[in-house]
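K.L.:
The structure under discussion is supplied below as structure tokens; questions concerning it will follow.
The values are calculated or read from the model by the stated rules, or taken from the named source; none is laboratory data. This structure is a prediction, so every number in the text was calculated from the model and none was measured. Glycine gets a Cβ as well: all are built from the backbone with ideal geometry, and neighbour counts include every protein chain shown.
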Amino acid sequence: MKTEWYKSMAFYQIWIRSFYDGNGDGIGDLYGVYEKLPYIKSLGIDGIWFSPLYPSPNADYGYDISDYKNIHPDYGDLEQFKKVLDKAHSLGLKVIMDLVINHTSDEHPWFIESKKSKDNPYSDYYIWRDAKKGKLPNNWYSLFEGKAWEYCPERDQYYLHIFAKKQPDLNMDNPKVREEIKSIMRFWLDMGIDGFREDVITFISKVDNLPDGLPFIPVANGMPYYKDGPHIHEYLREFRRVCNEYDCFQLGEGPMTTIKSALSYMTGKNKSLDLMFHFDHMLADCIYTEYIQRPFNLRLLKRAFSKWQKALNGKAWNTLYLENHDHPRIISRYGNEHYHRASGTMLAICYLFQQGTPFVYQGQEIGMTNIKLKSIDQYMDVSSHNNYHSFHLKDSIEKRMERIHASSRDSSRTPMQWDSSKNAGFTTGKPWFYVNPNYKRINVAAEENQPYSILNLYRKCLYYRKNSEVALWGDYTEYYKASSLLYVYKRTYKNNQLLIVCSFSSHHLRWHNIKEFKGIKGKLVICNYPNPIHGVLKPYEARVYEY
Ligand code: NOJ
């Protein structure tokens, strides 16, 4: 029986390039992380998820790996990584690494060899196909850059890339590739890490004949043929066996995953993952991806939250998050920048008290918001460029930029705002990317001193959770389901109950307690305003009561 320590923990995600620069070259690094570990610990966090630290040409900022067993020189080296790992462990922090195995960089030595000929030892490491009647092997579009096939003159063949051109998909059907993966896993586990976050792991097994997808979907139309593919469980069970040799856990990313599919990975004979990131609650203001927007709809958000809370209870364990390096900042989306503090704290309460393991993304704990750069040329993210240059081309530049402002992944990748000094205290050099101009107001140092700041509220919630059986293990019941302004839920464990009340309104709201608690005095243990008024919720007010 594997230990399930991850269930009572809270994780902090580091996207290192923008976290903290320890050597003054303008790029966040492991020297910076080393310095900031006590800060992370002070939040009430128990573990760190590192987005990729490996050498990479950065076509997709680390998710295009050119050496799996090393550290990108921008971030330090293996020795520095080990120092960070040891210090993290000495502070009681677990460390998990990103395992990106659906694809490599096209600059990975495997691919450099593979593309040379059809009969070299690496020729079958990737998914190569001949042209079909003078056309591409099939009609798939990639997620990031036009069609999913790129021609390679040396082999007179095409290779598949579900993401960017510089991210060729690995051929997981090749047992040698799977051996390589296992060796990578062992390399990091032997060094002492505690687990993996597994990138788009549900995509790694493709249907044999790679049939055409629907022609009228201009992005990822091949997904039915690579999501939860034919051998996925077999391959993941192989990887699981490696993990079982260590006391570690596996968290899979499951884009567009359904409850049924998620449970097939987390339970039963095929159990290969402990946790899964699903995307349902990230679609309350967009369709399919942030690039196709719609107005924020609280009911959609609540439905997604409650659906997963109910379905996994007693069967598997939820992963709770509102932000990561792939999504714009949550206050700019589901909250309100004009009620920055109130909506940032309310959003924290609304998800941190659900059942599951919470993840907090760097900067989320101080309420960082989206950046609005003037021109598309200032953006770095490959998928933002794809969106700008491939869709809605008839729209005016202003309109397209508006969409980028609301949806770009770069908004969550601006340098961390540590204080109000130059460059937000992120670096003494020239920052690699734009610092959000609001850093003078929104930064760690300023929020340290304000008792009701977003930062201090995250701390309060995370410490509370840790020490509360009902917050950790309680069952979940939602109330006021039809409300488009209130999110109310209860947690129950043995004889203890918590009631969580969150207002998504920018106006004052009358609040009547749920029936079963009418007339019973609960103890208000957390509130994001200093002097709550009986029966009235202030804009974006949130409360946690113990009963
Ligand atoms: C999911 C990662 O989170 C994202 O950043 C990346 O671009 C894609 N997978 C491709 O690796």
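K.L.:
Scan region 41-57 and give yes if some residue there is modelled with pLDDT of 95 or more, within 16 Å of the ligand (Cβ to nearest atom) and of a type in the set (Gly, Ala, Ser), otherwise no.
P.N.:
Yes.
K.L.:
Related question: Do you know which residues across region 272-298 are modelled with pLDDT of 95 or more and either part of a helix (DSSP H, G or I) or not hydrophobic (A, V, I, L, M, F, W, C) (or both)?
P.N.:
SER272, ASP274, HIS278, ASP280, HIS281, MET282, LEU283, ASP285, ARG294, PRO295, ASN297, LEU298
K.L.:
When the residues of region 104-120 are narrowed to those that are surrounded by 21 or more Cβ atoms within 10 Å (Cβ to Cβ) and within 16 Å of the ligand (Cβ to nearest atom), which ends up farthest from ILE184 (Cα to Cα)?
P.N.:
If we take residues in region 104-120 being surrounded by 21 or more Cβ atoms within 10 Å (Cβ to Cβ) and within 16 Å of the ligand (Cβ to nearest atom), then ASP106 is farthest from ILE184 (Cα to Cα).
K.L.:
Let me ask you something else. Go through region 479-488 and give me each residue that's crowded, with 17+ Cβ neighbours inside 10 Å and either under 26 Å from the mean Cα position of the chain (by Cα) or touching a residue at least 40 places away in the same chain (Cβ under 8 Å) (or both).
P.N.:
LEU486, TYR487, VAL488 - these are the residues of region 479-488 that are crowded, with 17+ Cβ neighbours inside 10 Å and either under 26 Å from the mean Cα position of the chain (by Cα) or touching a residue at least 40 places away in the same chain (Cβ under 8 Å) (or both).
K.L.:
Another question about this same structure. State which residue is nearest to the chain's Cα centre (by Cα) when the search covers only region 349-370 and only residues that are farther than 17 Å from GLN417 by Cβ and of a type outside the set (Phe, Trp, Tyr).
P.N.:
The residue in question is PRO358.
K.L.:
Additional query: Go over the candidates ASP130, ASP67 one by one and state the one that is under 30 Å from ASP46 (Cβ atoms), more than 14 Å from the ligand (Cβ to nearest atom) and surrounded by fewer than 19 Cβ atoms within 10 Å (Cβ to Cβ).
P.N.:
Details: ASP130 fails: under 30 Å from ASP46 (Cβ atoms).
The unique qualifying residue is ASP67.
K.L.:
Filter region 319-365 for residues that are within 16 Å of the ligand (Cβ to nearest atom), among the polar types (S, T, N, Q) and under 22 Å from TYR476 (Cα atoms) and give the result.
P.N.:
THR319 - this is the single residue of region 319-365 that is within 16 Å of the ligand (Cβ to nearest atom), among the polar types (S, T, N, Q) and under 22 Å from TYR476 (Cα atoms).
K.L.:
Here's a follow-up. Look at PHE19 and say whether it is crowded, with 24+ Cβ neighbours inside 10 Å and touching a helix residue (DSSP H, G or I) at 6+ places or on another chain (Cβ under 7 Å).
P.N.:
yes
K.L.:
Still on this model: From the residues in region 134-164 that are touching a residue at least 60 places away in the same chain (Cβ under 8 Å) and surrounded by fewer than 19 Cβ atoms within 10 Å (Cβ to Cβ), which one is farthest from ASN386 (Cα to Cα)?
P.N.:
ASN139
K.L.:
Scanning for something surrounded by fewer than 24 Cβ atoms within 10 Å (Cβ to Cβ), touching a residue at least 12 places away in the same chain (Cβ under 8 Å) and at positive phi, does region 333-356 turn up at least one residue?
P.N.:
Taking every residue of region 333-356 in turn, at least one turns out to be surrounded by fewer than 24 Cβ atoms within 10 Å (Cβ to Cβ), touching a residue at least 12 places away in the same chain (Cβ under 8 Å) and at positive phi.
K.L.:
Sticking with this structure for a sec: Filter region 366-386 down to residues that are in a loop (DSSP other than H, G, I, E, B) and among the charged types (D, E, K, R) and give me whichever is nearest to the ligand (Cβ to nearest atom).
P.N.:
From region 366-386, those in a loop (DSSP other than H, G, I, E, B) are 367-375, 379-381; that's our starting set.
Next, only the ones that are among the charged types (D, E, K, R) stay: 372, 374, 381.
On the way: LYS372: 21, LYS374: 24, ASP381: 9 Å.
Restricting to residues being in a loop (DSSP other than H, G, I, E, B) and among the charged types (D, E, K, R), the top hit is ASP381.
K.L.:
Okay, moving on. If I go through region 282-318 residue by residue, how many of them are touching a Pro at 6+ places or on another chain (Cβ under 8 Å) and either within 16 Å of the ligand (Cβ to nearest atom) or among the basic types (Lys, Arg) (or both)?
P.N.:
1
K.L.:
Now for a different question. Taking HIS389 as meeting all but one of (1) in a helix (DSSP H, G or I); (2) under 22 Å from the mean Cα position of the chain (by Cα), write down the number of the exception.
P.N.:
(2)
K.L.:
Determine if region 221-243 includes at least one residue that is in contact with a Leu (Cβ under 9 Å, 6 or more places away or on another chain), within 16 Å of the ligand (Cβ to nearest atom) and assigned to a loop (DSSP other than H, G, I, E, B).
P.N.:
Yes; the residues of region 221-243 include at least one that is in contact with a Leu (Cβ under 9 Å, 6 or more places away or on another chain), within 16 Å of the ligand (Cβ to nearest atom) and assigned to a loop (DSSP other than H, G, I, E, B).
K.L.:
Suppose the filter is surrounded by 15 or more Cβ atoms within 10 Å (Cβ to Cβ), within 22 Å of the chain's Cα centre (by Cα) and either touching a residue at least 60 places away in the same chain (Cβ under 8 Å) or part of a strand (DSSP E or B) (or both); does ARG197 pass it?
P.N.:
Taking the combined requirement at face value, the residue satisfies it.
K.L.:
Now for a separate question. Please identify the pairs in which a residue from region 93-115 that is in contact (Cβ under 8 Å) with a residue 12 or more places away in the chain has its Cβ atom under 8 Å from the Cβ atom of a residue that is among the basic types (Lys, Arg) and within 16 Å of the ligand (Cβ to nearest atom), counting only partners at least 6 apart or on another chain.
P.N.:
Within 8 Å, the pairs are ILE96/ARG197; MET97/ARG197; ASP98/ARG197; LEU99/ARG197; SER105/LYS166; ASP106/LYS165; ASP106/LYS166; GLU107/LYS166.
K.L.:
Quick one: ILE101 ticks every box in (1) in a strand (DSSP E or B); (2) within 16 Å of the ligand (Cβ to nearest atom) except a single one, so which number is it?
P.N.:
Unmet condition: (1).
K.L.:
Working carefully through the options GLY92, GLY26, GLY62, find the one that is of a type in the set (Gly, Ala, Ser), surrounded by 18 or more Cβ atoms within 10 Å (Cβ to Cβ) and either within 16 Å of the ligand (Cβ to nearest atom) or closer than 25 Å to MET191 by Cα (or both).
P.N.:
None of the other options fit; the residue is GLY62.
K.L.:
Step by step: first the residues of region 244-254, then only those that are closer than 24 Å to ASN174 by Cβ and touching an Asp or Glu at 6+ places or on another chain (Cβ under 8 Å), then the one that is farthest from the ligand (Cβ to nearest atom). Which residue is that?
P.N.:
So in region 244-254, the residues closer than 24 Å to ASN174 by Cβ come out as 244-245, 250, 252-254.
Restricting the remaining residues to those that are touching an Asp or Glu at 6+ places or on another chain (Cβ under 8 Å) gives 250, 252-253.
Numbers: GLN250: 16, GLY252: 11, GLU253: 6 Å.
By that ranking, first place goes to GLN250.
K.L.:
Still on this model: State whether the residues of region 462-470 include one that is at pLDDT 95 or above and assigned to a strand (DSSP E or B).
P.N.:
no
K.L.:
Quick one: in region 344-390, which of the residues that are touching an Asp or Glu at 6+ places or on another chain (Cβ under 7 Å) and not aliphatic (A, V, I, L, M) is farthest from GLU448 (Cα to Cα)?
P.N.:
Looking at the filtered set, the residue picked out is ASN386.
K.L.:
Inside region 299-316, can you point out the residues that are surrounded by fewer than 17 Cβ atoms within 10 Å (Cβ to Cβ) and in a loop (DSSP other than H, G, I, E, B)?
P.N.:
ASN313, GLY314, LYS315
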